[in-house]
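*Asks:* Dropping the structure in here first, questions after.
The values are calculated or read from the model by the stated rules, or taken from the named source; none is laboratory data. Since this is a predicted model, take the numbers as computed values, not measurements. Cβ placement follows ideal geometry from the backbone for every residue including glycine, while neighbour counts extend to all protein chains displayed. Just so you know, the surface numbers come from the protein's heavy atoms only, side chains and all, with ligands and any DNA or RNA stripped out. Shrake-Rupley method; radii C 1.70, N 1.55, O 1.52, S 1.80 Å.
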Amino acid sequence: MSYTSAMRALHDEVVSARTQFPRPSHTLIALAEEYGELAEALLDKHGKERVQAEALQVAAVAIRFFEEGDDDYGVKPHAENYTPGPVPPNDLTMSLIKNVFIRRSQMLDDSPPFFLSLTLSHGKIASEIATSLSYGLEDVFHETARFAAIETAVAALLIYERGDDRYPQDA
């Protein structure tokens, strides 16, 4: 599988998710749900196709959080990147994903802990939102959470493209 096919699949998944769930509410809890489903697919050895589907959904929700924010936690849409409705991810967002993906791919060996990376970036989003609620510093912490969402999307795309050798799947 190539990077281009992963990006195309991500593009289609974001459009599908926005068609099915057009409002930017519950994105943080949806991200937690999709993360859990990916963990289950990896641990229970549901097979490569299921792992890829779950990884793609994690990446799509992370992109939605980056662009659309989350009404439940007061995270406003990212003004430069947000277009409401069932539309594909913004070109700027996809360019950012591509650049981080390429950089991360070049830095990693053949069997990096993609799921560990996903876990850390996913946790960072929740931590930053919780900190913003505790200290009232939304602007700073919401932006940090957004960039953790990019890292989450990239880690999920790497699982989609390469799998994770620590959790081998049947074809």
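*Asks:* Provide a single number: the residues in the stretch 147-165 that are part of a helix (DSSP H, G or I) and open to solvent by 50 Å² or more (accessible area, probe 1.4 Å). Can you show your working first?
*Replies:* As a first pass, look at the stretch 147-165 and keep what is part of a helix (DSSP H, G or I): 147-162.
Filter once more, so that each one left must be open to solvent by 50 Å² or more (accessible area, probe 1.4 Å): 147, 151, 162.
The number of residues fulfilling the criteria is 3.
*Asks:* Quick check on the stretch 133-146: of everything there that is assigned to a helix (DSSP H, G or I) and free of Cβ contacts under 8 Å to residues at least 24 places away in the same chain, which residue is most open to solvent (accessible area, probe 1.4 Å)?
*Replies:* Only one residue fits best here, namely 135.
*Asks:* Ok, one more. In this structure, is residue 95 among the small types (Gly, Ala, Ser), open to solvent by 50 Å² or more (accessible area, probe 1.4 Å) and within 16 Å of residue 157 (Cα to Cα)? Give the steps one after another, and end with the answer.
*Replies:* Numbers: among the small types (Gly, Ala, Ser): yes; open to solvent by 50 Å² or more (accessible area, probe 1.4 Å): yes; within 16 Å of residue 157 (Cα to Cα): yes.
Yes: the conditions hold for residue 95.
*Asks:* Can I ask one more? Residue 87 versus (1) closer than 22 Å to residue 20 by Cβ; (2) not in a loop (DSSP other than H, G, I, E, B): which is the lone unmet condition?
*Replies:* (2)
*Asks:* Go through the stretch 42-81 and report how many residues are without any contact (Cβ under 8 Å) to a residue 24 or more places away in the chain and over 12 Å from residue 159 (Cα atoms).
*Replies:* 4
*Asks:* Right, something else. When you go through (1) closer than 14 Å to residue 160 by Cα; (2) touching a Gly at 6+ places or on another chain (Cβ under 7 Å) one by one for residue 37, which number turns out not to apply?
*Replies:* Exception for residue 37: condition (2).
*Asks:* Let me ask you something else. Which one of these is among the aliphatic types (A, V, I, L, M), under 15 Å from the mean Cα position of the chain (by Cα) and open to solvent by less than 50 Å² (accessible area, probe 1.4 Å): 41, 59?
*Replies:* 59
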